[in-house]
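Working notes, structure below.
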Amino acid sequence: MVTFGVFFLVPKLAGTDPAQLYVGKSATPRDVEATRQKLGLDEPIPVQYGHFVAGLFAGRDYSSGPNTTHCAAPCFGYSFRTDREVWPLLMDRLPVTVSLAAGAALIWLVGGVLAGVSSALRRGSVLDRAVMVVALAGVSLPIYFTGLLIQLVFVHKLHWFRGGQYVDLAADPAGWFSKLFPAWVALALLYAAMYARLTRAAMLETVGEDYIRTARAKGLPERTVIGKHAMRSVLTPIVTVFGLDLGQLLGGAILTETVFSLPGMGKLAIDAVNQNDLPIILGVTIFGAFFIVVANLVVDMLYAVIDPRVRLR
């Protein structure tokens, strides 16, 4: 409701006519009025919102005189610029964003957790200080700097990876991997740094607990103490943050997709913002919020698997 109000109520209060955005500045008043009636923009905002919600679940019909256009569920409306349905546009861009988010998530989760655990178990060592310096650099450097630097060195200078346009996995697996790998590394560097610091802090707190000292006193191997006992407590905050980060990325990684020219959800969103294409912006926003809600639900269910103490409560 809030998102719909931001995109359709606020512009109306500011004096901007969504129908004018749809047909363009060169359209005649008659065309603007016909578009307003077809899209239902002449109705009160609560009525428009009711039609929008109903369209998400049951589809929606747009009438223009004798002609009626049916938008199948889930109907997010039509693009102001291309007059195409928003939902197929989202589905067309989703595989690119999923590929980017999944690959980067795997790298930053494994790399960040391993670096954080190693740093905590060797506190004060050269490894610990090196990991924290790299983590600080990863958090501090913006993605548009690291992304361009990676492309300059590994794509244009060394030619280890390909540039150019994105290709589908089914069409060219090697080209798909070569195009996405630099983007995975650039995106993972940012998140892995945060996960390394979070893991290190959680591990340092956990290894001082009584049950860890008890496990060591019983003569259990250090691998068992860390891997079976300590990691259960360490992974709880990691899973929480991971679910939110992954859900947010599935809604579109705008900077990464723009820097690496990936036609994903983020690139679709920024292009829609530049063109004032309100239905697409609305669709991407709700789509991203949906992924975050689902990620939170999955994280809550994983708590009981990771930490048995959750089931006892």
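We did not get these values from a lab; they are worked out from the coordinates using the rules stated. As the structure is a prediction and not an experimental result, all values here were calculated from the model. Note: ideal-geometry Cβ built from the backbone for every residue, glycine included; neighbour counts use all protein chains shown.
The dipole here belongs to the range 2-71: it is taken about the Cα centre, uses +1 on the Cβ of Lys and Arg and -1 on the Cβ of Asp and Glu, and is about 100 debye. Among Gly288, Gly219, Gly147, the largest mean-square fluctuation in a Gaussian network model of the chain, built with springs joining Cα atoms closer than 10 Å, belongs to Gly219.
Partner lysines whose Cα lies under 17 Å from the Cα of Lys267, excluding those fewer than 8 positions away in the same chain, are identified as Lys179.
Taking amide H positions as modeled 1.01 Å from N, with prolines and chain starts lacking one, no residue 5 or more places away or on another chain lies under 5 Å from Glu209. Treating cross-link reach as a plain straight distance, find the lysines whose alpha-carbon is under 24 Å from the alpha-carbon of Lys38, omitting any fewer than eight places away in the same chain. Once the sequence-local lysines are set aside, what remains near Lys38 is Lys12, Lys25. Note on the chain: Cα-Cα pairs beyond 29 Å make up 51% of the total pair count.
Its Cα centre serving as origin, the range 176-313 has a Cβ charge dipole (Lys and Arg +1, Asp and Glu -1) of approximately 720 debye.
Using the Cα centre of the chain as origin and beta-carbon charges of +1 (Lys, Arg) and -1 (Asp, Glu), tell me which of Ser118, Leu169, Gly15 is placed farthest towards the positive end of the dipole. Going by the Cα projections, it comes out as Ser118.
Per-residue ellipticity at 222 nm for the chain, helices alone: DSSP H runs ≥ 4 residues times -39500 (n - 2.57), over residue total, nearest 500 deg cm²/dmol?
Values: 14 runs with 206 residues, N = 313.
Calculated mean residue ellipticity at 222 nm is -21500 deg cm²/dmol.
Once the other residues with Cβ under 14 Å from the Cβ of Leu198 are scored (Lys, Arg +1; Asp, Glu -1), what is the net sum? Provide the component values of the computation, followed by the final result.
On the way: positive: Arg197, Arg200; negative: Glu205, Asp245.
Cβ neighbours under 14 Å give a net charge of 0.
Computed over the range 129-180, the convex hull of the alpha-carbon atoms projects to a mean area of 4.6 nm².
Couplings for the range 278-293, taken from phi via the Karplus curve 6.51 cos²θ - 1.76 cosθ + 1.60 with θ = phi - 60°, read 4, x, 5, 4, 4, x, 5, 5, 5, 4, x, 5, 4, 5, 5, 5 Hz in order; Gly and Pro are left as x.
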